[in-house]
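Following: one structure in structure tokens, then a few remarks.
The values are calculated or read from the model by the stated rules, or taken from the named source; none is laboratory data. Please read these numbers as outputs of a predicted model, since none were measured by experiment. When we count neighbours, we look across all protein chains shown, and the Cβ atoms used for this are built from the backbone with ideal geometry, even at glycine. We work out accessible area using only protein heavy atoms, side chains counted, and drop any ligands, DNA or RNA first. Shrake-Rupley method; radii C 1.70, N 1.55, O 1.52, S 1.80 Å.
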Amino acid sequence: MPPSLPVSANAPLNADLHSHSVVSDGTLTPEDMAARAHAAGVQLWALTDHDEVGGVPRARAAADALGLPFVAGVEISVSFAGQTVHVVGLGVDEHDATLGAALARNRGGREPRARAMAAVFDRLGITNTYDGALAHVGNPELISRTHFARHLVERGVCRDMNDAFRKYLGDGKVAHVATPWAGLGEALGWIHGAGGVAVVAHPARYRFSPTVEYALFSEFTAHGGRGVEVVTGSHTAAEVVRYADLAREFGLAASRGSDFHGPGESRVELGALPALASDLTPVWQLLDAARPLS
């Protein structure tokens, strides 16, 4: 019998519902991620690789062997108001054919983007970055800015990953290449069709104006979105308060996830996040009702 939630739905839970493996832009295998989450005391874990569910069966098998409740997830890249926004799908059926085909189409934009980014670096006199980034890639279909950042750090061009994004790779920086991802409604349709719950990932990272941010949440809820990451690795204490307030205003469940990518380069370790405010509805209550936890 698969493990169930270790505490009642209303009790504090050390849930980490946003993390990445080598199947997208993490540095650890799904199996190592499961072991790390379990060792850290995580009580409910989700693997949410970018535009890819290929690591989910391995993650589930490893989690089940450890008695760690597991949620199948994915993080989908979406275009909104000229920026890339990420939507996490939790509790999805990784075998859903429509979801699988849609994610493959979304991944198709990554290789041309990587070539364009490498061309920018060539013009800056930083050559051979495509091959350098590719050396860090576990899944060639998912070459990303993170892989370029690792290469720049490895070469000594940048001090660390944050430095690489500040100087070159962040939105609006010289080597950022805009890519037409899925529309918000499309992505939520894929998640819902696969039985999942849609969550806005790390909303403070987008730096939208209040008006555009309100439009994002309005459209998200209009398309049936159910949650928002309130507590996540990139949120400050003030941002946690702000997005808790937005969760209340829009009637959204609150999610909690480290966005862990690997040892030594993630801001927060798996499971090492503050608890959600007690008056918020945890997103795992929706998951428990929508689909049995593995």
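Which trypsin sites (Lys or Arg not before Pro) does segment 144-175 hold that lie in a coil by DSSP with at most 12 other beta carbons within 10 Å? Here the trypsin sites (Lys or Arg not before Pro) that fit, given the DSSP loop and packing criteria, are 159.
Reported value for segment 175-277: 135 Å³ per residue, from the convex hull of its C-alpha atoms.
Beta bridges from DSSP with both residues in the chain: antiparallel share about 45 percent, rounded to the nearest 5.
A Stokes-Einstein calculation at 4 °C with viscosity 1.567 mPa s, built on the Kirkwood radius of segment 22-79 over Cα pairs, returns a diffusion coefficient of 115 µm²/s. For the chain, relative contact order (Cα pairs under 8 Å, six or more residues apart, normalised by length) works out to 22 percent.
Before rounding to the nearest 500, sum -39500 (n - 2.57) across all DSSP H runs of length at least 4 in the chain and divide by the residue total; then give [θ] at 222 nm in deg cm²/dmol. Computed ellipticity for the chain at 222 nm equals -11000 deg cm²/dmol. Secondary structure note: in segment 1-139, about 55% of the DSSP beta bridges are antiparallel. A viscosity of 1.306 mPa s and a temperature of 10 °C, combined with the Kirkwood radius over Cα pairs in Stokes-Einstein, give a translational diffusion coefficient for the chain of 83 µm²/s. Residues 111, 239, 75 ordered from highest to lowest accessible area at a 1.4 Å probe: 111, 239, 75. Quick one: Debye curve from the C-alpha atoms of segment 81-195, no solvent, what's log10 I(q)/I(0) at q = 0.09, 0.15, 0.18 Å⁻¹? Evaluating at q = 0.09, 0.15, 0.18 Å⁻¹ gives log10 I(q)/I(0) of -0.28, -0.72, -0.93. In the full protein context, the chain carries 40 Å² of accessible surface per residue, based on a 1.4 Å probe and ignoring ligands, DNA and RNA. Cα centroid separation, segment 205-237 to segment 85-135: 23 Å. Placing a label point 7 Å from the Cα of residue 32 along the Cα-to-Cβ direction, no residue of segment 146-160 has a backbone N closer than 14 Å.
Taking N as the number of residues in segment 153-210, what is its alpha-carbon radius of gyration divided by 2.2 N^0.38 Å?
Taking N as the residue count of segment 153-210, the ratio is 1.54.
Element breakdown for the chain at a 1.4 angstrom probe: carbon and sulfur atoms account for 53% of the accessible area.
Between 0 and 90 degrees, the angle of helix 184-193 with respect to the longest Cα principal axis of the chain falls at about 50 degrees. Model label points for residue 134 and residue 173, set 7 angstrom from Cα along the Cα-to-Cβ axis, are 2.3 nm apart.
With a 1.4 Å probe rolled over the protein heavy atoms of all chains, the accessible area of 95, 176 falls in the order 95, 176, largest first.
Quick check: net charge around residue 230, other residues with Cβ under 14 Å of its Cβ, Lys/Arg +1 and Asp/Glu -1?
Result for the neighbourhood of residue 230: -2.
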